[in-house]
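K.L.:
Here it is: the structure, laid out below.
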Amino acid sequence: MLNDTSLPKPVRADLSAPDRTNLIGPLDTLSIEVFGVEDLTREVKVDSSGRIAFPMIGEMEVAGKTSSELAAAIRSKITSFVRAPQVIVNLREAVSQVVTVDGEVRKPGLYPVTNQMTLLRAVASAEGTTEFARLDNVIILRRVDGKQYAGLYSVAAIRRGVYDDPYVYANDVVVVGESPARRLFKDVLAIAPLMVGPVIALIQRN
């Protein structure tokens, strides 16, 4: 077990995994606006290799970039054609940036992640818990810099305001109810069964 009371945040490499990624990823839909230039304002879809085609530029590698980074890249490439261009890029549909919600929820599956996604919001995305769900037995699995972590949370305690609703990131796996990962916390729960705070464990090193 770790002394920390929160899971470590993923690094950029963890968020930009090839099959998923608030970074842009394959098959995401982008809204690109160049102020005052209607021909360059459009909605584009990232192809499966993480590229887009854009007028005056051609193909661009966009996977793994943030919206602001892509806007800056487009701006630098069209300055020869457009005077002092102003570019805004928005992620309209994030197909690649998802969290997995499983276990005792009404609709297990993959759900889009936003900047403000939390554990309670992830559970709500799966249409809430089932009637007999173990609300004190919710696991977040997360890979950070090649290491696998698990955090044990109580949805009931979060709803009562006992501790903060933790953020959830792309590629996290949320499991509500009994799961093999819970065995890692057996000794801790025997000592502190009331779950006055989250319990964090490192379950696999590089």
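The values are calculated or read from the model by the stated rules, or taken from the named source; none is laboratory data. Keep in mind the model is a prediction, meaning the values are calculated, not measured. Virtual Cβ from ideal backbone geometry, glycine too; neighbours counted across all protein chains shown. Quick note on the areas: whole protein, heavy atoms, side chains included, nothing else; ligands and nucleic acids left out. Shrake-Rupley method; radii C 1.70, N 1.55, O 1.52, S 1.80 Å.
K.L.:
Run the paramagnetic zone check for PHE81: 7 angstrom along Cα to Cβ, then residues of the stretch 30-64 with backbone nitrogen under 14 Å.
P.N.:
Output list for this probe position: 33-35, 37-42, 53-60.
K.L.:
Which lysines have a Cα less than 22 Å from the Cα of LYS147, not counting those fewer than 8 places away in the same chain?
P.N.:
In chain and number order, the partners are LYS9, LYS186.
K.L.:
Karplus couplings for the stretch 163-173 from phi (6.51 cos²θ - 1.76 cosθ + 1.60, θ = phi - 60°), rounded to Hz, Gly and Pro as x?
P.N.:
8, 5, 6, x, 6, 10, 10, 3, 6, 5, 10
K.L.:
In addition: What part of the accessible area of the stretch 80-145, given as a whole %, is carbon or sulfur when the probe is 1.4 angstrom?
P.N.:
47 percent
K.L.:
Are there chymotrypsin sites (Phe, Trp or Tyr not before Pro) in the stretch 106-163 that DSSP marks as loop and that have at most 15 other Cβ atoms within 10 Å, and which are they?
P.N.:
Details: sites: PHE132, TYR149, TYR153, TYR163; in loops: PHE132, TYR163.
Listed in order of number, the matching sites are PHE132.
K.L.:
Can you tell me what share of the DSSP beta bridges in the stretch 80-173 is antiparallel? A percent to the nearest 5 is fine. Intermediate results must be reported in sequence, preceding the final value.
P.N.:
Values: 14 of 15 bridges.
Expressed as a percentage, antiparallel bridges in the stretch 80-173 total about 95.
K.L.:
To continue, here is another question. For LEU135, what accessible surface area do you get with a 1.4 Å probe? Give it in Å², rounded to 10.
P.N.:
Accessible surface of LEU135 is approximately 50 Å².
K.L.:
Could you give the nm distance between label points at GLU43 and GLU93, where each point is 7 Å from its Cα heading toward the beta carbon?
P.N.:
0.7 nm
K.L.:
May I ask for the equivalent-ellipsoid semi-axes of the stretch 78-183, computed as the square root of five times each C-alpha gyration tensor eigenvalue and listed largest first in whole Å?
P.N.:
Computed over the stretch 78-183, the values are 34, 15, 13 Å.
K.L.:
Only Lys, Arg, Asp and Glu count, each charged at its Cβ (+1, +1, -1, -1), so figure out the dipole size of the stretch 40-93 about its Cα centre, rounded to 20 debye.
P.N.:
200 debye
K.L.:
Sort ASP165, ASP145, ASP172, ASP39 by heavy-atom solvent-accessible area, probe 1.4 angstrom, most to least.
P.N.:
Reading off the accessible areas and sorting them downward yields ASP39, ASP145, ASP165, ASP172.
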